[in-house]
Every structure is written in C-alpha cells, then in structure tokens.
Amino acid sequence: MENRKGRTITEKILGAHAGRGVRAGEFAIVSVDQLLGTDGSAPMAIDLFDAMGFKAVHEGSRIAFSCDHYAPATSARIAALHEKMRRFAEANGIALFRVGEGIGHQRMIEDGRIRPGTIVAGADSHCVTYGALNAFGVGIGASDLAGAMATGKIWLKVPHTLRIVLTGKLTPPAQAKDIILELLRRLRADGADYLALEFSGDGIASLGLEERIVIANMATEAGAKAALFAFDEITRSFLGERSVADCSPVAPDTQAHYIDTLTIELAKITPRLALPHHVDAVVPVGEAAGRPVDMVFIGTCTGGRACDIRDALAVIRKAGRIAPGVELVITPASRAELELLIADGSLGELTALGAVLTTPGCGACCGTSGAIPRDGATVISTGNRNFKGRMGAPKAEIFLASPAACGAAAATGRISEPSAVSPNGRIA
Amino acid sequence: MSFELSLKGRARIFGDDVNTDYIISSRRKRDAKDEQEMTRFLFEDIDPAIAASLKPEDIIVAGKNFGCGSAMEVAVTVPRAAGIRAIVAKSFARTFYRNAINNGLLPVIADTHGIKEGEPIEITVTQASTFVVLGDGRIPAQGVPAELVSIFIEGGLVSYLAKHRGFAAIG
Ligand code: SF4
C-alpha cells in the first residue's frame with residue numbers, strides 16, 4: 001500500500017528539487033538554487049573543482065564567495081587565498097563578498113539570494129540560518145561545494161523532521177538567543193543529528209525575522225541538517241524590503257509525519273547562558289552571576305546584527321559605562337549593519353565608551369581573525385560556539401548568552417542578569 | 001556494485017562530541033601550508049601528545065556525535081593525510097559523515113562502548129553487512145549506505161565526478 005501521509009516542508013522542498021516525490025530516509029540527488037563558499041572553504045573547493053577536471057561552473061549567478069573568516073587577511077598567505085577566490089569568481093561570474101562586506105550568511109540574506117522554498121547549500125555549517133526564511137539551508141563540505149559548482153547538484157539523505165512548536169510570547173529581558181539556548185539544553189549537542197527542525201506554533205508570529213535567524217542559525221549546534229520556519233507576513237515583508245518578490249513559500253501538509261514534537265512556552269523563557277565548553281550546558285544566568293569577565297564579544301552570524309548591538313548598548317547605557325578592565329569587542333555582521341549603527345549614533349556612543357570596533361566579518365568568533373582572548377580569560381559572547389580553543393585561545397573560558405546579558409556583563413564587569421544593571425554599573 | 005573491505009588496526013579511543021576544532025584547530029588551518037604539515041597538530045586541544053603517537057594502521061574509535069561543529073573538510077583530510085582509513089563511532093555529526101564519504105574515509109556506526117585503547121580491531125564491510133571484530137566478539141555496525149558506495153569506493157567525490165561528470169549513475 002502506498003503511504004498516503006502528508007509531507008513535511010523538508011520533504012516538499014527536497015522532492016521539488018529531486019524531480020520526484022521523496023520521503024524521509026531516502027537518498028536523493030537535488031538541484032541547488034544558491035551556493036556559498038567562504039574563505040574557509042572556497043579555496044579548497046576551487047582546487048577540488050580543478051581536480052575534478054571541470055572548466056566552467058554550472059551557473060555562476062547561483063554562487064557567492066565570501067571573504068569573512070579572515071577579514072582583513074591575517075597573513076600574505078591568506079591574502080593570496082582571497083586573490084585566488086577573486087580570480088575564480090571573476091572568471092566564472094560568481095559574486096564575491098570582499099573583505100569588510102561582512103559575514104557570508106548575512107550578505108546572502110541582504111542580497112536577496114535566499115528565497116522561500118529553495119535549497120541553499122554552503123560549505124559552512126551555519127547555512128541552516130536560511131531556514132528562518134523558509135528555505136532549506138544546509139551545510140556541506142568543500143568537495144560537495146566543488147561538485148555542486150560543477151554540476152548544480154548535491155547528494156543528500158532526506159532527513160526526518162522534529163517539529164518544534166513555539167507558543168506565547170517572550171517576556172523581556174528574555175531574547176531569541178535564550179529560546180535557542182533552552183532548545184539546545186533540551187536537545188543536547190547531538191539531539192538533532194541528521195534531523196530537520198520545523199518551527200511552527202502561534203509563538204512564531206511574535207518573533208521578528210531577525211529573531212528567527214538567531215534560532216535557525218544555532219540549530220546546527222544540536223546537529224540539525226536544516227531548521228525551517230513557517231512562512232508568514234513577517235517573512236513576506238522582510239523579503240520585500242530586500243527586493244525578493246517571487247516567493248513560493250512551502251507549508252507542511254496537515255498529515256505530515258514528524259518523528260517527535262517538542263513544545264516551548266516562550267513566556268517561561270528567562271535569560272540563560274551556555275557554560276564553557278559545551279553549547280548545551282545551559283543554565284539560568286543567575287547560576288553563573290558574579291563571575292568576573294575579561295572580554296565581551298558582540299558579533300557573529302548569530303548575534304552581530306545592528307539590533308543585537310543596540311540591545312547590548314541599551315543595557316550598557318543604563319550603567320553609563322563599560323566596567324573598568326573589560327574589553328568590549330563589537331563586530332558588526334556586515335557593512336550594512338555597521339552603517340545602521342553609524343546612522344543612529346549607536347556606534348559613536350559605543351566607541352566613546354571605549355568599545356573596540358573590528359572589521360565586519362566573523363571576527364573573534366573562530367579565532368582566525370579579530371580580537372583573540374588571552375589564555376585563562378573569561379569571555380561572554382553573543383556567538384554560537386564555546387568549545388575549548390574556539391576563539392583562538394586554548395584556555396579561554398567562553399560563555400554564550402543573549403546581547404542583553406552580554407551588555408550586562410560589559411556594564412558590570414561580571415556575569416549578571418540584564419535586569420539587574422543600574423547606574424554606575426552596580427548590580428542591583 | 002559488489003563491495004568488500006576489511007581493515008585491521010589498533011583502536012585509539014576518543015570520547016563523545018569530539019568537534020572538528022578538537023580534530024584540527026581552525027588556527028592551524030590558518031597558519032599551516034598543507035595537510036601533511038597539519039597532521040602534527042591532530043587532536044592537540046584534547047592532548048598535544050596524541051599526534052606523535054598516531055600510526056597509519058590506527059582506527060579511531062569514538063563515542064557519539066563525532067565531528068560535530070564546523071563543516072570544515074580538513075577535519076577529514078588531515079586524519080586521511082596521517083594515514084587514518086576508518087573511524088568507528090556511536091554516531092557522527094552529519095557534515096563530518098558527508099566529508100568522510102566524499103574523501104574515502106570509512107565512517108562506521110557501531111556501539112563502541114567497551115572497546116579499549118590499543119586493542120586490535122578489525123572492520124569488515126560488505127554489501128550485505130558491516131561488523132567490527134574485537135577479540136572473539138563481533139559488534140554489528142552500519143557501513144557505507146548502498147546509494148553512496150560508488151562514491152566511496154572510487155575514492156571520494158572528486159574522483160567520482162572526475163570520472164562520471166555528474167550524478168546520473170546514482171539517480
Ligand atoms: S560568524 Fe562564526 S559561526 Fe558565523 S560563519 Fe563566521 S565563523 Fe562561522
């Protein structure tokens with residue numbers, strides 16, 4: 001008997017790109033609408049593309065390269081890799097996001113390359129971010145990228161789907177970051193291995209697109225292959241502002257099969273953080289409160305947008321200072337986000353308070369460029385990973401938290417509840 | 001496509017959630033000029049002494065979620081450059097698993113609980129079944145998915161596409 005159950009968003013998108021109906025568990029060769037290679041993966045992919053013996057890419061307009069992990073170049077060797085990317089991009093009609101333009105994921109969204117119902121693959125694990133826009137964003141390796149540049153296709157196994165139902169509304173100062181940290185606590189670091197997450201429920205309507213991006217982005221920290229949000233008017237207007245008019249959103253069938261459903265009541269979410277060195281070691285902020293911090297990092301594809309930096313600033317402003325001895329590092333996710341901060345005066349305010357501004361890009365996130373903490377330093381970051389050595393110092397201790405909680409740490413010099421900051425940085 | 005593979009080696013034990021930066025740090029990727037040079041830094045953030053003790057016949061044996069974290073392919077190509085041919089783990093992170101298949105590094109999923117450091121082990125992969133032989137016991141395992149065998153046995157995606165110029169042979 002043919003199975004007549006409905007399909008998930010994932011099965012529908014992958015089926016449409018495989019040219020046949022597919023079900024979870026099947027292998028499929030799918031066409032890819034957009035591809036991303038970063039300076040961490042594209043140089044290797046270019047070599048592998050050459051090794052495959054191809055002369056020209058399948059469709060240059062569907063590919064973008066970003067110079068973001070090493071921005072600006074940290075050595076002559078890296079500068080040469082950027083140049084290699086530039087030459088290959090130019091020869092093949094590939095878009096190049098140059099040093100200073102920002103993180104590839106952010107640029108892909110700004111450029112209107114992410115459309116609902118499409119498959120966007122990239123040689124970077126945070127391609128899941130695009131799920132916020134109802135696209136199947138998936139991380140692949142450099143060989144896959146080379147193969148996809150050549151053929152327009154990748155192999156994949158159609159994942160089973162875990163449904164995440166969000167209900168209600170967040171209560172400030174809880175933020176989107178706290179939702180995904182709570183989800184990571186519940187799923188653990190391998191809880192979504194090989195799975196797609198699909199987010200639904202009335203709670204979604206209370207989340208702006210940028211908040212959904214934070215959640216989709218960190219789904220990879222639970223091992224998820226993709227993390228798709230339902231499409232709604234919020235998605236439509238966000239895309240409209242980025243000149244994406246041709247939307248073909250995909251909704252799940254009512255009879256779609258999920259391997260499980262997990263519900264999160266947003267009203268119950270409180271500020272929390274991930275303890276060093278595990279992204280799923282998540283506790284309420286209070287449990288680590290009082291611990292002195294050396295560096296606060298506001299940046300990355302998770303928490304480096306203008307809205308995040310403003311949220312941190314709003315808490316710092318209450319104290320009127322950055323606590324003595326704390327290095328506050330601000331790395332906007334892109335030049336466009338940086339310009340928003342210049343335009344509204346936030347940037348000037350931050351630098352006047354003593355914040356360190358670095359080039360839009362990945363910055364300190366993975367220890368390849370930007371501010372590197374000293375060994376033994378305590379760092380709190382709006383980013384997504386806190387493994388040992390992640391930020392370039394094998395013995396730094398990295399906490400992950402929301403922009404508001406990071407702002408509170410910058411203001412007080414200690415891990416503290418965002419609501420507890422008072423004038424002069426005292427903890428109320 | 002008929003397929004049979006047998007690998008003998010010495011078990012090297014790792015824990016759960018060994019992420020790609022623990023396999024090879026992003027900072028080495030920035031500084032080193034090639035994969036061979038990077039083999040000296042394998043697993044250094046777990047223990048700097050591991051790299052020098054790795055031998056080509058070693059088989060990496062790990063807990064759950066091996067290769068989590070970044071999608072960087074050097075996490076597969078550097079162990080390959082050190083001569084490692086197979087990794088047995090309770091589970092793999094998905095990008096690591098892809099990269100392994102795409103580079104002809106054998107990812108075997110099995111219950112690795114109870115395998116000891118330095119113990120001789122053998123992995124047998126056939127079309128019909130995969131298992132890990134350990135002393136006089138056998139642990140059932142999951143080898144290469146049938147759909148991907150052709151990519152794997154041709155040495156990975158680069159040689160596969162160099163030969164077939166596309167995926168038509170798979171579907
Ligand atoms: S900001 Fe960090 S997580 Fe995001 S793409 Fe860059 S290195 Fe990766």
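Here are the numbers for the structure shown:
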quantity: Hull shadow area, averaged, the stretch B:4-164 [alpha-carbon convex hull, nm²]; calculated: 8.9 nm²
quantity: Point-charge dipole on Cβ atoms (K/R +1, D/E -1) for chain A, about Cα centre, debye to 20; calculated: 360 debye
quantity: Rg in Å to one decimal, and Dmax rounded to a whole Å, for the stretch A:272-425 via C-alpha atoms; calculated: 13.7, 38
quantity: Where a label projected 7 Å from the Cα of B:Val133 along Cα→Cβ would reach, residues of the stretch B:4-31 with amide N under 14 Å; calculated: B:5-10
quantity: Centre separation in Å (Cα based) which lies between the stretch B:100-171 and the stretch A:349-428; calculated: 42 Å
quantity: Neighbour-count ranking [beta-carbon atoms within 10 angstrom, fewest first] of B:His164, B:His113; calculated: B:His113, B:His164
quantity: Extension gain from A:Lys268 to A:Asp202, taking 0.36 nm per residue of separation minus the Cα-Cα distance; calculated: 22.3 nm
quantity: Highest-MSF residue in chain A out of A:Leu35, A:Leu400, A:Leu81 [GNM, Cα springs under 10 Å]; calculated: A:Leu81
quantity: Number of partner chain Cβ atoms within 10 Å, mean per residue of A:27-37; calculated: 2
quantity: Cα pair distances in chain A, grouped into 20 Å bins until the bin that holds the longest one, percent each; calculated: 28, 58, 14, 0
quantity: Gaussian network model of chain A, springs between alpha carbon atoms under 10 Å - residue of A:Arg317, A:Arg291, A:Arg272 with greatest fluctuation; calculated: A:Arg291
quantity: Options A:Ile316, A:Cys406, A:Gly345, ranked by Cα towards positive dipole end of the stretch A:272-425, top entry (Cβ charges); calculated: A:Cys406
quantity: Mean separation of Cα contacts under 8 Å, 6 or more apart, over the residue count of chain A: relative contact order %; calculated: 18 percent
quantity: Selection of trypsin sites (Lys or Arg not before Pro), the stretch B:1-107, meeting DSSP coil and at most 10 other Cβ within 10 Å; calculated: B:Lys33
quantity: Residue-by-residue Karplus 3J(HN,Hα) for the stretch B:123-135, coefficients 6.51, -1.76, 1.60, Hz, glycine and proline x; calculated: 10, 10, 10, 10, 4, 7, 7, 10, 8, 10, 9, 9, x
quantity: Amide proton proximity set for A:Thr161, modelled H, under 5 Å, gap of 5+; calculated: A:Ala196, A:Ile259
quantity: Cβ neighbours within 10 Å from other chains - mean over B:147-155; calculated: 1
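Bear in mind these aren't lab numbers, they're just calculated from the coordinates by the rules spelled out. Since the structure is predicted, the reported quantities are computational estimates derived from the model, not experimental observations. With ideal geometry, Cβ positions are generated from the backbone for all residues, glycine too; neighbour counts draw on all protein chains shown.
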